[in-house]
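One structure coming up, written as structure tokens, with questions to follow.
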Amino acid sequence: MERPVNRLAHLAIGLLAAACLCGAAQADVRLGVGAPVTGPDATFGAQLRMGAEQAVADINASGGILGQQISIEVGDDAADPKQGVSVANKFVGDQIAFVVGHFNSGVTMPASDVYAEANILEITPGSTNPQITERGIETIFRTCGRDDQQGAVAAKFLAAQGAKKIAIVHDKTTYGKGLADETKKSLNALGVTEVLYEGVNKGEKDYSAVVSKIKESGADIVYWGGVHTEGGLLLRQMRDQGVSAVMMGGDGIASDEFAAIAGPGVEGTFMTFPPDPRDRPEAAKVVQEFKAKNFNPETYTLYSYAAVEVLKQAAEAAKSLDAAEVAKAMHSGMNFKTVIGDINFDKNGDVTRADYVVFVWKKGPDGRIGYYQLGK
């Protein structure tokens with residue numbers, strides 16, 4: 001029969017081992033990824049998730065952050081503001097230290113209030129509404145640009161083409177309407193007044209009413225403020241109803257799915273987006289890693305990867321995992337080496353490099369329709 005003292009000794013050893021294991025688990029740097037994993041914007045959600053997961057795998061393989069491994073938790077916001085807040089509250093309860101996300105500006109806005117109150121640092125790879133970083137929140141940043149920046153580029157391009165009859169249509173979301181309004185503001189400043197300004201409901205399938213208004217306006221350009229799903233349907237229905245006006249949009253249509261939804265009539269569509277990050281020499285190794293997984297790291301995949309790189313470099317510069325201290329390092333003007341190039345942040349948390357250019361959708365050498373930067 002085992003003596004009581006031995007049982008007590010074994011119990012103590014077991015409790016000590018459990019404590020050690022628990023301590024090791026808690027020592028991980030906990031990263032949350034908030035993104036539309038399901039729903040109409042799931043293409044972009046996959047980009048944010050894949051980008052962050054690959055960055056975490058690569059950083060963990062090289063020692064982690066401050067000697068600690070990164071663990072990752074994905075929250076599906078389904079591109080819905082209320083669900084985004086639910087994801088944010090779950091991240092707070094799960095003691096997430098940093099968040100990469102969200103994608104939609106309308107989701108990032110309310111979710112970021114939750115993170116700020118809980119001292120969680122957030123970097124969005126894809127939310128471009130200017131107000132996101134202009135509310136005085138010290139712990140929110142983005143690796144992408146802003147709607148006022150790409151709106152100005154779009155307006156200058158359209159004005160240079162001699163466009164006079166421009167219809168502006170948006171999806172009424174924080175992102176879509178914000179982008180449309182910034183472009184409208186820049187066009188008006190250049191002396192161009194739109195012939196139509198209309199909003200459509202996100203998720204609708206029948207745009208015949210707005211297509212009729214576009215036709216009646218005599219517009220030769222339709223500027224679209226929104227993402228690829230509704231934008232693609234609108235363009236397809238324009239062509240089906242004999243409207244030949246050229247469409248132009250922003251980064252929300254920068255997905256191969258836009259061409260799949262819009263059909264052959266997509267050729268000649270213009271859009272604003274930064275120079276393709278997949279072509280940067282800094283991204284070559286990572287792009288190959290994605291190709292080995294049969295995943296195309298288009299649009300915001302590398303912006304998500306870069307967000308995790310920034311977190312690592314800022315935390316190590318601050319010698320801390322506290323959000324406020326990491327944010328100070330990010331606001332300090334230090335240079336961050338990332339797969340999307342060298343970036344710095346201003347006092348608001350925006351990248352100082354504004355590099356939007358114009359792309360056109362056309363057939364490539366392989367016969368497939370894709371987006372190509374003008375002048376290259």
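At a threshold of 8 angstrom on Cα-Cα distance, excluding pairs fewer than six apart, so keeping six or more, what relative contact order does the stretch 191-301 reach in percent?
Details: 124 pairs, mean separation 23.6, N = 111.
The value is 21 percent.
In whole Hz and in residue order, list the ³J(HN,Hα) couplings for the stretch 210-217 that follow from phi through the Karplus curve 6.51 cos²θ - 1.76 cosθ + 1.60, θ = phi - 60°; x for Gly and Pro.
Working through the residues one at a time gives 6, 5, 4, 5, 4, 4, 5, 6 Hz.
Here's another thing I want to ask about it. What FRET efficiency would be calculated for the residue pair R353, Q241, taking the C-beta separation as r and a Förster radius of 41 Å, to the nearest 0.05? It would help to have the intermediate numbers written out before the result.
Values: r = 41 Å, r/R0 = 1.00.
Efficiency computed from Cβ-Cβ geometry: 0.50.
Shifting gears a bit: What full-extension length gain, to one decimal in nm, is calculated for D28 and E117 as 0.36 nm per residue of separation minus the Cα-Cα distance?
On the way: separation 89, 0.36 × 89 = 32.04 nm, distance 2.21 nm.
Contour length minus Cα-Cα distance gives 29.8 nm.
If you take the charge dipole of the chain about its Cα centre, with +1 on Lys and Arg Cβ and -1 on Asp and Glu Cβ, which of G75, G162, G333 is farthest toward its positive end?
Towards the positive end, the residue furthest out is G162.
Let me ask something else. Please report the net charge: other residues with Cβ closer than 10 Å to the Cβ of A180, K and R +1, D and E -1. Mind dumping the intermediate values first?
Details: positive: K172, K177, K184, K185; negative: D147, D171, D181, E182, E194, E198.
Within the 10 Å Cβ shell, the charges total -2.
Taking the mean number of other Cβ atoms within 10 Å as a proxy for protection, how do you rank 160-167, 218-225 from highest to lowest? Before the final figure, lay out the partial values.
On the way: 160-167: 16.2, 218-225: 22.9.
With the highest mean Cβ count within 10 Å placed first, the list reads 218-225, 160-167.
Using Cα-Cα distances under 8 Å and only pairs 6 or more residues apart, what relative contact order does the chain have, in percent? Before the final figure, lay out each step's value.
Numbers: 761 pairs, mean separation 61.6, N = 376.
It comes to 16 percent, rounded to a whole number.
Moving on. Cα-based Rg of the stretch 246-376 per 2.2 N^0.38 Å, rounded to two decimals?
Values: Rg = 17.3 Å, N = 131, 2.2 N^0.38 = 14.0 Å.
Ratio of Rg to 2.2 N^0.38 Å for the stretch 246-376: 1.23.
Kindly provide the helix-only [θ] at 222 nm of the chain, computed as the sum of -39,500 (n - 2.57) over DSSP H runs of four or more divided by all residues, to the nearest 500 deg cm²/dmol?
Details: 12 runs with 165 residues, N = 376.
Computed mean residue ellipticity for the chain: -14000 deg cm²/dmol.
Could you check the simple spin-label distance between D322 and E282, using points 7 Å along Cα→Cβ, in nm with one decimal?
About 2.9 nm, to one decimal.
How high is the relative contact order of the stretch 155-216, in percent, with contacts defined as C-alpha pairs under 8 Å that are six or more residues apart? Mind dumping the intermediate values first?
Numbers: 64 pairs, mean separation 24.7, N = 62.
Relative contact order comes out at 40 percent.
Still on this model: Can you tell me how the stretch 117-274 classifies by the Cα gyration tensor, rounded, prolate or oblate, using a/c under 1.5 as the rounded cut? Working shown, then result.
Details: a/c = 2.08, a/b = 1.57, b/c = 1.33.
Taking the square roots of the gyration eigenvalues as a ≥ b ≥ c, the stretch 117-274 is prolate.
Provide the packing ranking of 247-253, 99-105, 210-216, i.e. peptides ordered by the mean count of other C-beta atoms within 10 Å per residue, highest first.
Details: 247-253: 28.7, 99-105: 31.1, 210-216: 17.1.
My ranking of the peptides, most packed first, is 99-105, 247-253, 210-216.
Taking the Cα centre of the chain as origin, sum charge times position over the Cβ atoms of Lys and Arg (+1) and Asp and Glu (-1), and report the length of that vector in debye to the nearest 20.
Details: 37 positive and 46 negative charges, 88 e Å.
With Lys and Arg at +1 and Asp and Glu at -1, about 420 debye.
In addition: Mean projection of the alpha-carbon convex hull of the stretch 89-161 over all orientations, in nm²?
Details: hull surface 20.0 nm².
Mean shadow area of the hull around the Cα atoms is 5.0 nm².
To the nearest Å, what is the center-to-center distance of the stretch 53-70 and the stretch 302-365, using C-alpha atoms only?
17
Where the centre of each part is set by its Cα atoms, how far does the stretch 221-288 sit from the stretch 80-154, in angstrom?
Answer, in whole Å: 24.
How large is the dipole of the stretch 166-274 about the Cα centre if only Lys and Arg carry +1 and Asp and Glu carry -1, each at its Cβ, rounded to the nearest 20 debye? Walk me through the intermediate numbers first.
Working: 10 positive and 15 negative charges, 40 e Å.
Dipole magnitude for the stretch 166-274 comes out near 200 debye.
How big is the antiparallel share of DSSP beta bridges in the chain, given as a percent to the nearest 5?
Values: 14 of 45 bridges.
In the chain, approximately 30 percent of DSSP beta bridges are antiparallel ones.
Right, next: Let me spell out the model: positive unit charges on the Cβ of Lys and Arg, negative unit charges on the Cβ of Asp and Glu, origin at the Cα centre of the stretch 139-189. What dipole size does that give, in debye rounded to 20? Kindly include the intermediate steps, with their values, before the conclusion.
Numbers: 9 positive and 5 negative charges, 30 e Å.
Magnitude of the dipole: close to 140 debye.
Just to be sure I understand the model, the point goes 7 Å from the Cα along the line to the Cβ. What's the resulting S62 to E289 distance in nm?
0.9
How do the peptides 304-316, 275-287 rank, highest first, by the average count of neighbouring beta carbon atoms within 10 Å per residue? Don't skip to the end; give the middle numbers.
Values: 304-316: 26.1, 275-287: 16.2.
Ranking, from highest mean packing down: 304-316, 275-287.
Applying 1/(1 + (r/R0)^6) with R0 = 45 Å to the Cβ-Cβ distance of N188 and Q95, what FRET efficiency is obtained, to the nearest 0.05? Display every interim value, and only then the final one.
Working: r = 48 Å, r/R0 = 1.06.
Efficiency, rounded to the nearest 0.05: 0.40.
Evaluate the distance, in nm, between pseudo-label points positioned 7 Å from the Cα of E73 and of K363 along their respective Cα→Cβ axes.
Calculated label separation equals 5.1 nm.
Dipole of the stretch 245-359 (Lys/Arg Cβ +1, Asp/Glu Cβ -1, origin at the Cα centre): which of G250, P297, G268 lies farthest to the positive side?
P297
Rule-based calculations on the coordinates, nothing more; no lab input. Everything quoted here is computed from the prediction, not taken from an experiment. So basically every Cβ, Gly included, is an ideal-geometry build from the backbone, and we count neighbours across all protein chains shown.
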